[in-house]
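**Q** I have a structure here, written as structure tokens, and I will follow up with some questions on it.
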Amino acid sequence: MSIAIKRVYEPFATSDGYRVLVDRVWPRGLKKEDAALDIWAKELAPSTALRKWFGHEPARWEAFRHRYATELDARASFWQPLVTRAERHRVTLLFGAKDEEHNQAVALKMYLDSWMKANDLR
């Protein structure tokens, strides 16, 4: 069971496993054919309003995580297949943000890891 995170601009590696872009907006300057994605999961990205409110401000990180978790609670049909896949194979959540510590992929991984642990899948 493995969920990883990686900037979408980093080179593809076979160890990435199933590559999932979790941005609502396509990453600037990246050609779609160069992304080596398995899926672009816009549905797993934070809402536009939440994304704009957060603005990658570290001071808003904890509040962002909680608000995003509330959104994810209502979207289980979109993230549940990733959990199922991660039980057997590596899943890499891709993001375009420059901030590698405060972004939706980090928050999503934390959410999924917590859910898997609570459900004895880790």
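**Q** Which of the listed residues, A45, L94, G17, is farthest toward the dipole's positive end in the chain, when Lys, Arg count +1 and Asp, Glu count -1 at the beta-carbon?
**A** Checking the options against the dipole of the chain, the answer is A45.
**Q** If the cut-off is a Cα-Cα distance under 17 Å, which aspartates and glutamates reach K98, setting aside same-chain residues fewer than 8 apart in sequence?
**A** The qualifying aspartates and glutamates are E10, D23, E57.
**Q** Same structure, new question: So what's the net charge close to A35: Lys and Arg +1, Asp and Glu -1, counting the other residues with Cβ under 14 Å from its Cβ? Provide the component values of the computation, followed by the final result.
**A** Values: positive: K6, R7, R19, R28, K31, K32, K42; negative: E10, D16, D23, E33, D34, D38.
Cβ neighbours under 14 Å give a net charge of +1.
**Q** Okay, next question. 222 nm [θ] for the chain, helices only, -39500 (n - 2.57) per DSSP H run of 4+, per residue, to 500? Kindly include the intermediate steps, with their values, before the conclusion.
**A** Working: 4 runs with 46 residues, N = 122.
Roughly -11500 deg cm²/dmol at 222 nm, from the helical runs in the chain.
**Q** Any idea what the relative contact order of the chain is, in percent, if you count C-alpha pairs under 8 Å spaced at least 6 apart? Please list the in-between numbers first.
**A** Details: 167 pairs, mean separation 51.1, N = 122.
Relative contact order for the chain comes out at 42 percent.
**Q** Under the classification rounded if a/c is under 1.5, otherwise prolate if a/b is larger than b/c and oblate if not, where does the range 2-118 fall, given a ≥ b ≥ c as square roots of the Cα gyration tensor eigenvalues? Provide the component values of the computation, followed by the final result.
**A** Working: a/c = 1.67, a/b = 1.11, b/c = 1.51.
In terms of gyration-tensor shape, oblate.
**Q** Another question about this same structure. Report, in debye and to the nearest 20, how large the dipole of the range 2-118 comes out about its Cα centre when Lys and Arg carry +1 and Asp and Glu carry -1 on their Cβ.
**A** 180
Only the coordinates and a few stated rules stand behind these numbers; no lab work does. Remember, it's a predicted structure, so these values are computed and weren't measured experimentally. All Cβ positions, glycine included, derive from the backbone under ideal geometry; neighbour counts span all protein chains shown.
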